[in-house]
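Report on one structure; see the data block that follows.
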Amino acid sequence: MKFHGTDSYIATDDLLLAVNSAITLRRPLLVKGEPGTGKTMLAEEIAKSLGMPLYQWHIKSTTKAQQGLYEYDAVSRLRDSQLGDPRVHDIGNYIVKGKLWEAFESEQQAVLLIDEVDKADIEFPNDLLRELDRMEFYVYETRQTICAKHRPVIIITSNNEKELPDAFLRRCFFHYIRFPDRQTLEQIVNVHYPGIQSTLVRSALEVFLGIRDVPELKKKPSTSELLDWLKILLAEQVPPESLASKRKERALPPLHGALLKNEQDQHLFEPPVRLRTSGY
Amino acid sequence: MLIDFFLELKKAGIPVTLVEFLTLLDALAQELAFGSVEDFYFLSRLCLVKNEVYFDKFDRVFMAYFKDAASLQEIERKIPDEWLRRLAERFFSEEEKRQIQSLGGLDKLLETLKKRLEEQKERHEGGNRWIGTSGTSPFGAYGYNPEGIRIGQETSRHHRAVKVWDRREFRDLDDSVELGTRNFKMALRRLRAFARTGSEQELDLPGTIRATANNAGYLDLKLVPERHNATKVLLFLDVGGSMDPHVEICEQLFSAARSEFKHLEYFYFHNFFYEQLWQDNRRRLDHRLSTFDLIRLFSPDHKLIIVGDATMSPYEIHMAGGSVEHHNPEPGSVWLKRLLKHYQKAVWLNPSPRRHWNFSSSIQTIQHMMDGRMYSMTMEGLSEAIHSLS
């Protein structure tokens, strides 16, 4: 069982090695990288290419580790007891399974995505150590231990907003997705828009890489933004020549809204505003 | 097997552990990287390095360990950066490429490189013998020789480089601020003060019991908003001049504080407080906020954290017109007193070592003005400061 990338996802050799090692050695794979380099997509593509079910656990600032395992819905049990519902005698009826449990229970090996783990509280990863290590946890309410039938392939993504604890890192493989080089970018574009005119792609890539090189940028445009931009360029049928002229000077490219998401960044590309206009 | 490599990594300051090393051996036993140095490089990095800030270090150790360690490091130290700066690039035709002969194995290259280094004394470009850029000599960057050693080149031009771990690929990441902020965050946590505001999402247990009892035993749910950290913090940072050596630790504190507090406002000052503060160092001249406005804008329940080395001439504190940057109509001490009067909870964090404090009169003056609430910017000092704030 080996991951080779898919027709809609270009994976570099080192990324392939990372994913395959994680699958073989059954370790969670922690993926970091600039926003928009396809971290979340990776899990979806692995699931698709290996034919595994995918469970996605998106982390928010209020997410607790326990929510990934299970939650005991005491309130609905109390309500049912007052209504005389017979379900109330079995506490198991009120245990709501979390994503981790679902992935553990899957009949075939599954892919579990823990997305943006750094959004949660600083203690969050520590609360999952044993679960990720042993792939089992204990349900106090029903006094049973849940073991994974097949160790799921776990992909964890992080945007570096918080530092992760060492004990957690020790249990993971770590891969940093670098921003793709020109060749890989061209491959990525070809995969997403097969019929696109090659001159347009070349000019667009040049403008795009030129923008990324501007040192003062607050947020550099990423691969996913490049793809969005190309889509609009195609839809608007912008001729490649109009891009070529923008390469030299720092002028705003057409439809720049897809690339520059920050007002200050856009100002970097505009000609200096003249303060004293006539009649002032 | 590979134990020396593991120890080398540890010596270089990369936090590797035995468990991770055993994982790597396990991976090798399963033949995940069989017969390819490049695969082994990626696999060992995958298993051993857990933060991209260490990639640069790892690359260097890897290079040193697997390619005749000592001599390469030695060479690296000897080559002045200036020689290798990119000036021009030469493009060779296919024919020229074919004409270029390789010099021999890597060992021989290193040997020769060392010899050349001893002979060569100046920066060199082009040509086919000396170390420099754009030439056909096997040493240097941006040129062509199929068996060359690349020194200080950012990208692989001919996709035939001997090594993928060409140093400095991850140079930019090496100064990431995030490193080491965890301890700061744990300390800042103690400043948390929870308050319930916003939409009602959490079950209010006492309220529910009371309401249910009132309702003759039938369940009546009561909800309350979730708790949020309601601490408000004003952070004042000294920039420029004598603060330059402390930039790193200030960045760490700043990064930790920003992710910990939702209500954090930060302002910069230079040496001491006067009529104006600013938020953007690049535009400090045209985007300033008057200190009076600041006092009116932010309520007294903000906690004030001042970061500065408090080292300056006494005039800058006590005299009108004493500021090093502009003419200040009122002395700085008046401004500090105004701030302290408005914000009761305030501390001064001083990044310079505590043992130096007695030798600077301005530090003692400010320590006195702060009623002793000046703390050193270490974990210990920060804990004390937080204690005094909460």
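The values are calculated or read from the model by the stated rules, or taken from the named source; none is laboratory data. None of these values were measured; they are calculated from a predicted model. Virtual Cβ from ideal backbone geometry, glycine too; neighbours counted across all protein chains shown. Protein only, heavy atoms only, side chains kept; ligands, DNA and RNA dropped before computing areas. Shrake-Rupley method; radii C 1.70, N 1.55, O 1.52, S 1.80 Å.
Descriptive notes on the structure:
- Filter result for A:Ala74 (within 13 Å of chain B (Cβ to nearest Cβ) and open to solvent by less than 20 Å² (accessible area, probe 1.4 Å)): no
- Counted residues, the range B:351-383 - those being out of contact with any Ser or Thr (no Cβ under 9 Å at 6 or more places or on another chain), over 16 Å from B:Ile317 (Cβ atoms) and part of a helix (DSSP H, G or I): 7
- Search result, residues across the range B:290-321 that are open to solvent by less than 20 Å² (accessible area, probe 1.4 Å), closer than 28 Å to B:Asn358 by Cβ and of a type in the set (Val, Ile, Thr): B:Ile305, B:Ile306, B:Val307, B:Ile317
- Tabulated pairs, the range A:123-146, first at positive phi, second of a type in the set (A, V, I, L, M, F, W, C), C-beta under 6 angstrom, 6+ apart or interchain: A:Met135/A:Ala148
- Any hit, the range A:76-91, residues being in contact with a Leu (Cβ under 6 Å, 6 or more places away or on another chain) and within 14 Å of A:Ile156 (Cβ to Cβ): no
- Looking only at the range B:190-222, and only at residues there that are basic (Lys, Arg) and modelled with pLDDT under 70, the one that is most open to solvent (accessible area, probe 1.4 Å): B:Arg190
- Of all the residues in the range B:28-49, those that are open to solvent by 20 Å² or more (accessible area, probe 1.4 Å) and assigned to a loop (DSSP other than H, G, I, E, B) number 6.
- The residue that is surrounded by the most Cβ atoms within 10 Å (Cβ to Cβ), counting only those in the range B:329-348 that are farther than 19 Å from B:Ser313 by Cα and touching a Phe, Trp or Tyr at 6+ places or on another chain (Cβ under 7 Å), is B:Val347.
- Test: residue in the range A:94-103 that is open to solvent by less than 70 Å² (accessible area, probe 1.4 Å), of a type in the set (Phe, Trp, Tyr) and within 30 Å of A:Glu161 (Cβ to Cβ): yes
- Restricting A:Leu243, A:Leu209, A:Leu200, A:Leu217 to those that are in a loop (DSSP other than H, G, I, E, B), more than 30 Å from A:Ser21 (Cβ to Cβ) and aliphatic (A, V, I, L, M) reduces the list to A:Leu217.
- Some residue of the range B:314-329 being among the acidic types (Asp, Glu), closer than 16 Å to B:Leu235 by Cα and part of a loop (DSSP other than H, G, I, E, B): no
- B:Trp348 satisfies every condition listed in (1) in a helix (DSSP H, G or I); (2) at pLDDT 85 or above; (3) of a type outside the set (D, E, K, R) except (1).
- Within the range B:270-308, the set of residues being in a loop (DSSP other than H, G, I, E, B) and either modelled with pLDDT under 80 or touching a Pro at 6+ places or on another chain (Cβ under 6 Å) (or both) comprises B:Gln279, B:Asp280, B:Arg284, B:Leu285, B:Asp286, B:His287.
- With respect to the conditions (1) open to solvent by 20 Å² or more (accessible area, probe 1.4 Å); (2) modelled with pLDDT under 80; (3) more than 14 Å from every other protein chain (Cβ to nearest Cβ), A:Val214 falls short on a single one, namely (1).
- Hits in the range A:1-30 - residues which are more than 11 Å from every other protein chain (Cβ to nearest Cβ) and modelled with pLDDT of 90 or more: A:Pro28
- When residues of the range A:31-50 are limited to those that are β-branched (Val, Ile, Thr) and at pLDDT below 90, the one nearest to B:Thr23 (Cα to Cα): A:Thr40
- Looking at B:Glu20, B:Glu8, B:Glu38, just one residue is at the interface with chain A (Cβ under 9 Å from one of its Cβ atoms) and either over 19 Å from A:Pro28 (Cα atoms) or of a type in the set (Ser, Thr, Tyr) (or both), and that residue is B:Glu38.
- Count of the range B:223-261 residues which are part of a strand (DSSP E or B), buried (at least 17 other Cβ atoms within 10 Å of the Cβ) and β-branched (Val, Ile, Thr): 1
- Pairing residues of the range A:196-222 that are under 16 Å from A:Gln237 (Cα atoms) and of a type in the set (Gly, Ala, Ser) with residues that are part of a loop (DSSP other than H, G, I, E, B) and open to solvent by less than 10 Å² (accessible area, probe 1.4 Å), at Cβ distances under 9 Å and at least 6 apart in sequence or on separate chains, gives A:Ala204/A:Pro253.
- Qualifying residues in the range A:169-184 (those that are surrounded by fewer than 19 Cβ atoms within 10 Å (Cβ to Cβ) and in a helix (DSSP H, G or I)) - the one nearest to the other protein chains (Cβ to nearest Cβ): A:Arg170
- For A:Lys162, the criteria (1) touching a helix residue (DSSP H, G or I) at 6+ places or on another chain (Cβ under 6 Å); (2) within 30 Å of A:Gly36 (Cα to Cα); (3) not in a loop (DSSP other than H, G, I, E, B) hold in every case but one, which is (3).
- Taking the range A:147-168 as the range and being free of Cβ contacts under 8 Å to residues at least 60 places away in the same chain and either more than 14 Å from chain B (Cβ to nearest Cβ) or crowded, with 20+ Cβ neighbours inside 10 Å (or both) as the test, the residues that pass are A:Cys147, A:Ala148, A:Lys149, A:His150, A:Lys162, A:Glu163, A:Phe168.
- Subset of the range B:41-50 (residues that are of a type outside the set (Lys, Arg), facing chain A (nearest Cβ under 7 Å) and touching a Lys or Arg at 6+ places or on another chain (Cβ under 9 Å)): B:Cys47, B:Val49
- The number of residues in the range A:77-89 being of a type in the set (D, E, K, R) and open to solvent by less than 80 Å² (accessible area, probe 1.4 Å) comes to 3.
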